[in-house]
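K.L.:
Below you'll find the structure I mean.
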Amino acid sequence: MLTAILLFTSCSSSPPSGSPGNASPSPSTTDSTSDQALRLVVLGDSIASGETCAGCTTYPEQLATAMGDSLGLEVETRNLAVPGAEVANLLELVRTDSTVQGSIAQADAILVTIGLNDLAFGRLDDPCDVAPHFPRVRWSSITHACVDGATAEYQRDLNAVLDEIGGLRAGEPTMLRVTTVYNAVIGDRVDPTWNSPAAIKPSIYAVDRMAEAQCEVAESHDGLCADTYHALNGKDGSESAQPFLNPADATHLAQPGEDAFATVLIALGFAPLHP
């Protein structure tokens, strides 16, 4: 669990490829704006921080630009993403960190990207008992029952996160967006055991279940689900996302991935915000 969070800081180091890493602070950016500005708050893990994509225009940045152009207002972005975070870490943040709570209360738009570190085969606590030497995974030992159990725990906690956000927003109109996880396993030649035939079916099953859970939770909280999973992995989820990812770690977004995320998010529009 997180014990201290530093917000609006400079870049921190990224976790090893294929690893959940440590729940340490991510880079955050804040633009000086007037009282009329829209406020976009970004919550999540290292995918949302963009710190491994040096020189990239990240998808939160692209979303903010599109919001500003469409709505005719300046957009202030507060990126509170924490590299290595699991959904339980995010839940702790929104329940206990007064700075995070204040940012959410003042936000007009909230973007949530969390879940890659919560996939059953990637969690630090190894709920399926298949990765004692992570990132090596015994893919053939992953059962649907274990994946379903881990996904249910994730869904419970994500639901609690959005409940907290709803309480902090106190009924104010909020553009809530949740991006889905994608499958970084297929075609991953960096992490041992990942680019193997045995990894394909269990990884697709796990990502399918989590993406479904994410969309259910988002929609139950009057938000919209951004289907970034199929944007990167194709219609049936079986295509490699590697053309969109950083070749150094085969996990985080490269510029094509940032662009794909942004395209899906922008296509959803900006309701309930209005010019």
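The values are calculated or read from the model by the stated rules, or taken from the named source; none is laboratory data. The structure presented is a predicted model; accordingly, all values stated were derived computationally and were not measured. Backbone-built Cβ (ideal geometry, glycine too); neighbour counts: all protein chains shown.
K.L.:
Can you name the condition, by its number, that residue 36 falls short on among (1) at pLDDT 95 or above; (2) in a loop (DSSP other than H, G, I, E, B); (3) over 24 Å from residue 241 (Cβ atoms)?
P.N.:
(1)
K.L.:
With the requirement that a residue be charged (D, E, K, R) and outside any helix (DSSP H, G or I), what does the range 69-91 give you?
P.N.:
Listed by number, the residues that qualify are 74, 76, 78, 86.
K.L.:
Can you tell me which of (1) touching an Asp or Glu at 6+ places or on another chain (Cβ under 9 Å); (2) over 25 Å from residue 173 (Cα atoms) is the one residue 61 doesn't meet?
P.N.:
The one condition residue 61 does not meet is (2).
K.L.:
Cβ contacts < 7 Å: first residue closer than 25 Å to residue 176 by Cα, restricted to the range 226-255; second residue assigned to a strand (DSSP E or B) and β-branched (Val, Ile, Thr), any location; separation 6+ or different chain. Result?
P.N.:
Partner pairs satisfying both residue conditions: 226/178; 226/179; 228/179.
K.L.:
Output yes when any residue across the range 143-162 is crowded, with 20+ Cβ neighbours inside 10 Å, at positive phi and not charged (D, E, K, R), and no when none is.
P.N.:
So far as the range 143-162 goes, no, none of its residues is crowded, with 20+ Cβ neighbours inside 10 Å, at positive phi and not charged (D, E, K, R).
K.L.:
In addition: For the range 205-225, how many residues are without any contact (Cβ under 8 Å) to a residue 40 or more places away in the chain and either surrounded by 24 or more Cβ atoms within 10 Å (Cβ to Cβ) or farther than 13 Å from residue 179 by Cα (or both)? Let's see the steps before the verdict.
P.N.:
Here is the first cut: in the range 205-225, the residues without any contact (Cβ under 8 Å) to a residue 40 or more places away in the chain are 208, 211-212, 215, 219.
Add one more test, that the residue is either surrounded by 24 or more Cβ atoms within 10 Å (Cβ to Cβ) or farther than 13 Å from residue 179 by Cα (or both), and what stays is 208, 211.
Residues that pass the stated criteria total 2.
K.L.:
If I ask for residues that are part of a loop (DSSP other than H, G, I, E, B) and either within 21 Å of residue 59 (Cβ to Cβ) or of a type in the set (Ser, Thr, Tyr) (or both), which ones from the range 222-234 would you list?
P.N.:
Filtering the range 222-234 down to residues part of a loop (DSSP other than H, G, I, E, B) leaves 222-223, 227, 234.
Residues satisfying the conditions are 223, 227, 234.
K.L.:
Right, another one. Among the numbered conditions (1) in contact (Cβ under 8 Å) with a residue 40 or more places away in the chain; (2) surrounded by 15 or more Cβ atoms within 10 Å (Cβ to Cβ), tell me where residue 263 comes up short.
P.N.:
Looking at each condition in turn, residue 263 falls short on (1).
K.L.:
Let me ask you something else. Looking at the range 130-161 only, could you name the residues that are touching a residue at least 40 places away in the same chain (Cβ under 8 Å), out of contact with any Pro (no Cβ under 7 Å at 6 or more places or on another chain), outside any helix (DSSP H, G or I) and among the β-branched types (Val, Ile, Thr)?
P.N.:
Listed by number, the list holds a single entry, 137.
K.L.:
Take the residues in the range 92-129 that are part of a loop (DSSP other than H, G, I, E, B) and among the charged types (D, E, K, R), then tell me which one is surrounded by the fewest Cβ atoms within 10 Å (Cβ to Cβ). Before you say what the answer is, go through the steps one by one.
P.N.:
First pass over the range 92-129, keeping only residues part of a loop (DSSP other than H, G, I, E, B): 97, 107-108, 114-115, 119-129.
Add one more test, that the residue is among the charged types (D, E, K, R), and what stays is 97, 108, 123, 125-126, 129.
Values: 97: 17, 108: 22, 123: 19, 125: 8, 126: 15, 129: 11.
Of everything passing the filter in the range 92-129, 125 is surrounded by the fewest Cβ atoms within 10 Å (Cβ to Cβ).
K.L.:
Right, another one. Check whether at least one residue in the range 106-129 is under 15 Å from the mean Cα position of the chain (by Cα), on the phi > 0 side of the Ramachandran plot and at pLDDT below 95, and report yes or no.
P.N.:
No, the range 106-129 contains no residue that is under 15 Å from the mean Cα position of the chain (by Cα), on the phi > 0 side of the Ramachandran plot and at pLDDT below 95.
K.L.:
When the range 173-195 is examined, which residues are found to be without any contact (Cβ under 8 Å) to a residue 12 or more places away in the chain and either touching a strand residue (DSSP E or B) at 6+ places or on another chain (Cβ under 9 Å) or surrounded by 24 or more Cβ atoms within 10 Å (Cβ to Cβ) (or both)? Can you show your working first?
P.N.:
Looking only at the range 173-195, we keep the residues that are without any contact (Cβ under 8 Å) to a residue 12 or more places away in the chain, and these are 195.
Of everything in the range 173-195, nothing turns out to be without any contact (Cβ under 8 Å) to a residue 12 or more places away in the chain and either touching a strand residue (DSSP E or B) at 6+ places or on another chain (Cβ under 9 Å) or surrounded by 24 or more Cβ atoms within 10 Å (Cβ to Cβ) (or both).
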